[in-house]
Amino acid sequence: ESTRHEAFAKVVAPSLPGAAIDYRHAYSISGCSAASNALMRWGLARGEGLAGDPRLNPSLWAYARNAGFRRVMIDGQMTTTKDLIDDRRAMEAGVETDQGIARAVAALTREPGPRFIYVVLRGNHVPYARNNLPPALQGLGGGLRADYERSVGYTTGRFFATLLHEQ
């Protein structure tokens with residue numbers, strides 16, 4: 001969801017002691033979140049590079065189905081292949097999208113039965129950080145980095161706070 005590790009560690013992680021595992025840095029295979037998300041779902045073997053067609057690999061959805069999970073995707077950014085997913089929910093509510101996603105995930109975790117939930121948050125896309133803030137938090141000064149960190153706190157920080165509070 002386009003959050004740099006440094007911003008996450010500074011703005012969000014301090015409010016999550018013991019609630020999350022920090023896997024540290026992850027690197028995008030593309031400069032576009034849509035391509036990166038697609039490759040995560042399709043799978044890309046280490047060292048394979050872009051020589052092969054990742055769409056020919058078993059997808060996350062196939063692994064989840066074979067493991068007996070109900071497959072759920074909550075998508076705050078794009079559309080995807082519907083036939084591989086049991087429950088696909090498009091979410092769009094502007095700067096409040098990630099809050100709606102957190103409430104939906106919390107509700108799903110309270111339902112009986114196993115499920116694999118894949119979430120694409122609306123996130124924090126630099127240099128568009130101001131677009132991820134409500135008007136009251138825009139233009140408070142400090143430049144692009146400060147706007148980005150406010151955006152990370154508003155979207156990602158509030159996502160985790162809502163998710164943990166509603167479980």
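The values are calculated or read from the model by the stated rules, or taken from the named source; none is laboratory data. All figures in this text were calculated on a predicted structure; none of them were measured in a lab. Methodologically, a virtual Cβ is constructed for each residue, glycine included, from the backbone with ideal geometry; neighbour enumeration extends over all protein chains shown. These area figures cover heavy atoms from the full protein model, side chains too; ligands, DNA and RNA do not enter into them. Shrake-Rupley method; radii C 1.70, N 1.55, O 1.52, S 1.80 Å.
One residue alone among Arg158, Arg145, Arg115 is closer than 30 Å to Asn66 by Cβ and either without any contact (Cβ under 8 Å) to a residue 12 or more places away in the chain or of a type in the set (Lys, Arg) (or both), and that residue is Arg115. Here the condition is being in a helix (DSSP H, G or I), closer than 22 Å to Ala90 by Cβ and open to solvent by 70 Å² or more (accessible area, probe 1.4 Å); of Arg145, Arg158, Arg130, it holds for Arg158 alone. Somewhere in region 93-101, is a residue hydrophobic (A, V, I, L, M, F, W, C), open to solvent by less than 40 Å² (accessible area, probe 1.4 Å) and more than 13 Å from Phe160 (Cα to Cα)? Yes: region 93-101 contains one or more residues that are hydrophobic (A, V, I, L, M, F, W, C), open to solvent by less than 40 Å² (accessible area, probe 1.4 Å) and more than 13 Å from Phe160 (Cα to Cα). Every condition in (1) open to solvent by 20 Å² or more (accessible area, probe 1.4 Å); (2) at pLDDT 90 or above is met by Ala106 except one, and the failing one is (1).
Every listed requirement among (1) at pLDDT below 90; (2) part of a helix (DSSP H, G or I); (3) open to solvent by 70 Å² or more (accessible area, probe 1.4 Å) is met by Ala62 save one, (3). Report yes if Ala136 is assigned to a helix (DSSP H, G or I), touching a residue at least 60 places away in the same chain (Cβ under 8 Å) and either out of contact with any Ser or Thr (no Cβ under 7 Å at 6 or more places or on another chain) or not β-branched (Val, Ile, Thr) (or both), otherwise no. So Ala136 does not fit the description; no.
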